[in-house]
Amino acid sequence: MAEFTPRVFSGIQPSGGLTLGNYLGALKRFATMQDQGSWQTIFCMVDLHAITVWQDPATLARATRELCAGFIASGVDPEKSILFNQSQVVEHAQLAWIFNCVARMGWMQRMTQWKDKAGKNQQNASLGLFAYPALMAADILVYHATHVPVGEDQKQHLELTRDIAIKFNNDFGVDFFPETEPVIEGTATRVMSLRDGSKKMSKSDPSDQSRINLSDDADAIAQKLRKARTDPEPLPETVAGLEDRPEARNLVNIYAALADMTVAEVLAEHGGSQFSAFKPALADVAVDRLTPISTEMSRLMQDQAEIDRILARGAERAREIAAPILKKTYEIVGMVGA
Ligand code: TYM
């Protein structure tokens, strides 16, 4: 295997607002990786992915800028990291086409996200939704990214990214694309719905009570946590005691991730408590950590020209890395003039 420069890439769709799941499973960890690793960090608002399902144009533009504000408010520094929107770095779509020709229909058909999102009416889903994972592989591999921090739900797509890299390397007899490592770590890689501990917290859940949005104010956060579904038992003293208690486990995981504690540390403090005592403590931590982010997002959104400048500069920096990798890919494939 060739040696690859350590490089981190991840993306978030600008479709709807950000949830606590996006924050704990992605944004918060992006900021930590930016500050703690000896690697280049690259983060993207994946607007090309968002339009695989219908997006109203004005809403998409607003959501992209708001997401950029969300990245910055969560600690991603556009000087230290490269921060941009996908459509402005054309190499993503160009490499995705090559990967459409490497990946197999059967691989795409197995993707659980395709099955979930297309539902029963696959014939009516967009071709883009089906090919989505090939574009995601291009996002990552156009930078030769070695590490990709994501939540648990993206694991299958990252396995497919590796399959595409391996098949490309085999087909063309090269050692060109890295086998990227997923980074799925911490206590909040799968934040669950507040109404149903077996379902992922998601911006597309019809019930707003099921999630905390980064735009929620202190009262909404406290009210949603107070009403979160739980069981009648007090919190256990040990981590093992959370088994088979998905709602309790979810709230303890959220507390741990927000407060930068381990689950065992949370239980050492709160084991034996009733939810009537634990929920207000959790609400305090959540309000304390989340409201400064939403306040900062609103402040940043007042200067859209500045957001647009940050995105344009990020796209320029991203292209400096992506363009030579795409050019080399074209040469490998045999495209004259590359
Ligand atoms: P998206 O936009 O659905 O979600 C963005 C990130 O948030 C994580 N996440 C969660 N983590 C924990 N608990 C939850 N309930 C939760 N909900 C969402 C997701 O795992 C993700 O890390 N396909 C990707 C976007 C993408 C991408 C990429 C990611 C496109 N290209 C390249 C990494 C690398 C997506 O739809 O994420």
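The values are calculated or read from the model by the stated rules, or taken from the named source; none is laboratory data. Just so it is clear, the structure is predicted and the values come from calculations on it, not from any experiment. Glycine also receives a Cβ, built like all others from the backbone with ideal geometry; neighbour counts cover every protein chain displayed. Accessible surface is based on the protein model in full, side chains and every heavy atom, while ligands, DNA and RNA are left aside. Shrake-Rupley method; radii C 1.70, N 1.55, O 1.52, S 1.80 Å.
Considered as a group, the residues in region 175-189 that are under 18 Å from G334 (Cβ atoms) and open to solvent by less than 50 Å² (accessible area, probe 1.4 Å) include one that is farthest from the chain's Cα centre (by Cα), and that residue is F176. Considering region 49-61, the residues that are over 11 Å from G11 (Cα atoms) and touching a residue at least 60 places away in the same chain (Cβ under 8 Å) include one that is most open to solvent (accessible area, probe 1.4 Å), namely I51.
Each row is one residue, and each column tells you yes or no for (1) within 16 Å of the ligand (Cβ to nearest atom); (2) assigned by TED's automatic domain parsing to the domain that holds F278.
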| position | (1), (2) |
| --- | --- |
| F177 | yes, no |
| P182 | yes, no |
| K203 | yes, no |
| N213 | yes, yes |
| A220 | no, yes |
| Q223 | no, yes |
| T230 | no, yes |
| P234 | no, yes |
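Within region 136-151, not a single residue is among the acidic types (D, E), part of a helix (DSSP H, G or I) and open to solvent by 30 Å² or more (accessible area, probe 1.4 Å).
Quick check on region 6-23. Is at least one of its residues away from the ligand (no atom under 14 Å from the Cβ) and open to solvent by 10 Å² or more (accessible area, probe 1.4 Å)? Looking for residues that are away from the ligand (no atom under 14 Å from the Cβ) and open to solvent by 10 Å² or more (accessible area, probe 1.4 Å), one finds at least one in region 6-23, hence yes.
Checking each residue in region 323-338 for being open to solvent by less than 50 Å² (accessible area, probe 1.4 Å) and not small (G, A, S) picks out I325, L326, T329, I332, V333.
Would you tally the residues in region 202-232 being surrounded by 18 or more Cβ atoms within 10 Å (Cβ to Cβ) and part of a helix (DSSP H, G or I)? Residues flagged as surrounded by 18 or more Cβ atoms within 10 Å (Cβ to Cβ) and part of a helix (DSSP H, G or I) within region 202-232 amount to 5.
With respect to the conditions (1) open to solvent by 50 Å² or more (accessible area, probe 1.4 Å); (2) more than 12 Å from the ligand (Cβ to nearest atom); (3) free of Cβ contacts under 8 Å to residues at least 24 places away in the same chain, K199 falls short on a single one, namely (2). Within region 280-328, being part of a helix (DSSP H, G or I) and of a type in the set (S, T, N, Q) holds for T291, S294, T295, S298, Q304. The conditions of being in contact with a helix residue (DSSP H, G or I) (Cβ under 8 Å, 6 or more places away or on another chain) and open to solvent by less than 50 Å² (accessible area, probe 1.4 Å) are not met by F172. Taking the stated definitions as given, is T64 at pLDDT 95 or above and touching a Lys or Arg at 6+ places or on another chain (Cβ under 9 Å)? Criteria not met by T64. Applying the criterion of at least 1 residues that are under 19 Å from S294 (Cα atoms) to the helices (runs of 4 or more DSSP H) found wholly in region 1-83 leaves 28-36, 57-73. A single member of E265, E237 is free of Cβ contacts under 8 Å to residues at least 24 places away in the same chain and on the phi < 0 side of the Ramachandran plot, and it is E265.
Condition check ((1) among the small types (G, A, S); (2) closer than 25 Å to F71 by Cβ; (3) touching a Pro at 6+ places or on another chain (Cβ under 8 Å); (4) open to solvent by less than 20 Å² (accessible area, probe 1.4 Å)) across all residues:
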site: P234; (1), (2), (3), (4): no, no, no, no
site: A286; (1), (2), (3), (4): yes, yes, no, yes
site: I310; (1), (2), (3), (4): no, yes, yes, no
site: I321; (1), (2), (3), (4): no, yes, no, no
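Look at region 14-43: where a residue is in the same structural domain as A222 (by TED's automatic domain parsing), no partner that is in a loop (DSSP other than H, G, I, E, B) sits 6+ places away or on another chain with Cβ atoms under 7 Å.
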